[in-house]
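So the structure is just underneath, and the comments pick up after that.
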Amino acid sequence: MLQNISSIRWKIVAFLVAPITFVMTLDRAAMTVAAPTIQKELGLSIVEMSMILTVYFWAYAVGQMPAGRLAERIGSRKVLFGTSAVWSLMMIITPFGATFAWLLGCRLVLGGAQSGDWSSGVVAIKRWFPRAERAKGNSMLLAGLYLGPIISAPLTAWTIANFGWHAVFYSFGVLGLLLSLVWWFGYRDTPAAHPLITKAEAEFIAAGQPPENAPIKGAFLRCFSQPRFWVFGIQYFLLVLIQSFYTTWLPTYLMRARGLSLKAMGVYTSLPWVAVFIAVFVAGYLCDRILKLTGSIYWARTPVAMVGFIVSAAALIGASRATGMPSVIGLLCLSFAAVGFVQVVVWSATQDLGREFTGVMSGWTNVWGALSNVAGPVTVAYVVKVTGSWESGLFLIGVAAACGAVLWIFLHPERPLQGTPAADPVTQTNHCVNTTGATAEESAAPVPPAQVSDR
């Protein structure tokens, strides 16, 4: 039967959702790579340049939850079209001004606009994929995110060297505008409304969607009173502690702690990103396969996340203590690949827990990730300065991240934050709620020894 169903949903994520996220990462990294050239040409101080670079992340964090809520209310089509057009225009006009205030303002608007990308993408995946395929859908979204760091630095550096830094912003901005138009004409918020979808595929997607309650005004605010809402954010903070090492300190670590040359560092730095890029596809397949075999959201999410946390932390600590470069790079790749496994689970669980509030849930999660992207590098820098040892810094964030595995005992992604668990579309069975409020899936699935009540 499945062979008679079209595959518009896979084209949507592969040629619309993932590419916009990829371009977002190009735009985000452009200023970082171009910063030395811009600072020298415009005569900016190191403090002014640091403010231009960091204001983006503050605006990005502040806009997360409002953007997520907006994607839920009016749909990802309008939100992502509008925000991608705005941030692309900001890229184009950035070279127009040669002052600190102009660049600061452009980066501020850019960060605020790009805060709508991820939550819109997560909401789109939820609406276009049945639960049994969401992990693979999320893996493609993450692939767009992780492909950026592999390509952005060499592409931006090459463009600056050959055409100047202005050309980077013009070309990336125009590319973003073109993609926003493709998104507007190619995407629909509901699969059934898409002109190219077949009736069979629309019915297949609809049959795999968990039932959702009609959103009640102000209901999402009740999420803040539920412990699992906070635990989910904290575990993501701990996960990003490790990821932040790769996004900030890895080149410095390889050169200063491991004595690599600039040329060798450039090659070795890209390998963990290649590993995580591949890992998210493997994780997506594995999670959906487990879900198909067990029919249980719990087993398709929780064990994978816990193992991923532990492997990532252990491999990072092992890399800090390894002596030979092959062992160091191998363990660093393993650590980041394990982060990719947890990332796939996190964003699938965001959709499981959030349901009609998936946008808010994804925005909330990204806020914690943004905070960790600040706290992680600062913590490593402080520990290295005090102890004089990179090993101590990596050990600390590795141990902290390992605590994320413990938090997954309390999350129970099979139980949505709003309302009670309903019929599971994976197994197409009727899960009746018993007198304790547990579904048949919850009764059948092993329950961890400690639970947190979110009521």
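The values are calculated or read from the model by the stated rules, or taken from the named source; none is laboratory data. In this text the structure is predicted, and so the values were computed from the model without any measurement. Neighbour counts are summed over all protein chains in view; Cβ atoms, including those assigned to glycine, are modelled from backbone coordinates with ideal geometry.
Once region 132-190 is narrowed to residues that are assigned to a helix (DSSP H, G or I) and among the basic types (Lys, Arg), the residue that is surrounded by the fewest Cβ atoms within 10 Å (Cβ to Cβ) is Lys136. Annotation note: of Ala313, Ala264, the sole residue that is of a type in the set (Gly, Ala, Ser), farther than 20 Å from Gln351 by Cβ and free of Cβ contacts under 8 Å to residues at least 60 places away in the same chain is Ala264. For region 314-354, filtering for residues that are out of contact with any Ser or Thr (no Cβ under 7 Å at 6 or more places or on another chain), more than 30 Å from Arg69 (Cα to Cα) and in a helix (DSSP H, G or I) leaves 17. The residue list Met90, Met140 contains one member that is farther than 30 Å from Glu212 by Cα and either assigned by TED's automatic domain parsing to the domain that holds Asn366 or out of contact with any His (no Cβ under 9 Å at 6 or more places or on another chain) (or both), which is Met90. Among the residues that make up region 35-56, is at least one of them crowded, with 17+ Cβ neighbours inside 10 Å and within 30 Å of Phe129 (Cβ to Cβ)? No - not one qualifying residue is present in region 35-56. What number of residues in region 382-409 are surrounded by fewer than 18 Cβ atoms within 10 Å (Cβ to Cβ) and either over 24 Å from the mean Cα position of the chain (by Cα) or part of a loop (DSSP other than H, G, I, E, B) (or both)? The total comes to 9.
In this structure, is Met65 of a type outside the set (D, E, K, R), surrounded by 15 or more Cβ atoms within 10 Å (Cβ to Cβ) and under 28 Å from Pro95 (Cβ atoms)?
On the way: of a type outside the set (D, E, K, R): yes; surrounded by 15 or more Cβ atoms within 10 Å (Cβ to Cβ): yes; under 28 Å from Pro95 (Cβ atoms): no.
No, not satisfied.
The single condition among (1) polar (S, T, N, Q); (2) surrounded by fewer than 22 Cβ atoms within 10 Å (Cβ to Cβ); (3) part of a helix (DSSP H, G or I) that Ser84 does not satisfy is (2). Tell me, yes or no, whether region 200-210 has at least one residue that is part of a helix (DSSP H, G or I), at pLDDT below 90 and either buried (at least 19 other Cβ atoms within 10 Å of the Cβ) or hydrophobic (A, V, I, L, M, F, W, C) (or both). No; the residues of region 200-210 include none that is part of a helix (DSSP H, G or I), at pLDDT below 90 and either buried (at least 19 other Cβ atoms within 10 Å of the Cβ) or hydrophobic (A, V, I, L, M, F, W, C) (or both).
Within region 249-269, can one find any residue that is touching a Ser or Thr at 6+ places or on another chain (Cβ under 6 Å) and over 21 Å from Met361 (Cα atoms)? Yes: region 249-269 contains one or more residues that are touching a Ser or Thr at 6+ places or on another chain (Cβ under 6 Å) and over 21 Å from Met361 (Cα atoms).
With respect to being closer than 24 Å to Glu133 by Cα and buried (at least 17 other Cβ atoms within 10 Å of the Cβ), Ile242 falls outside the description.
Restricting attention to region 94-117, and to residues there that are part of a helix (DSSP H, G or I) and among the small types (Gly, Ala, Ser), which single residue is surrounded by the most Cβ atoms within 10 Å (Cβ to Cβ)? Write out each step before concluding.
As a first pass, look at region 94-117 and keep what is part of a helix (DSSP H, G or I): 94-96, 100-117.
Next cut, among the small types (Gly, Ala, Ser) only: 101, 105, 111-113, 115-116.
On the way: Ala101: 9, Gly105: 17, Gly111: 23, Gly112: 23, Ala113: 24, Ser115: 26, Gly116: 29.
Only one residue fits best here, namely Gly116.
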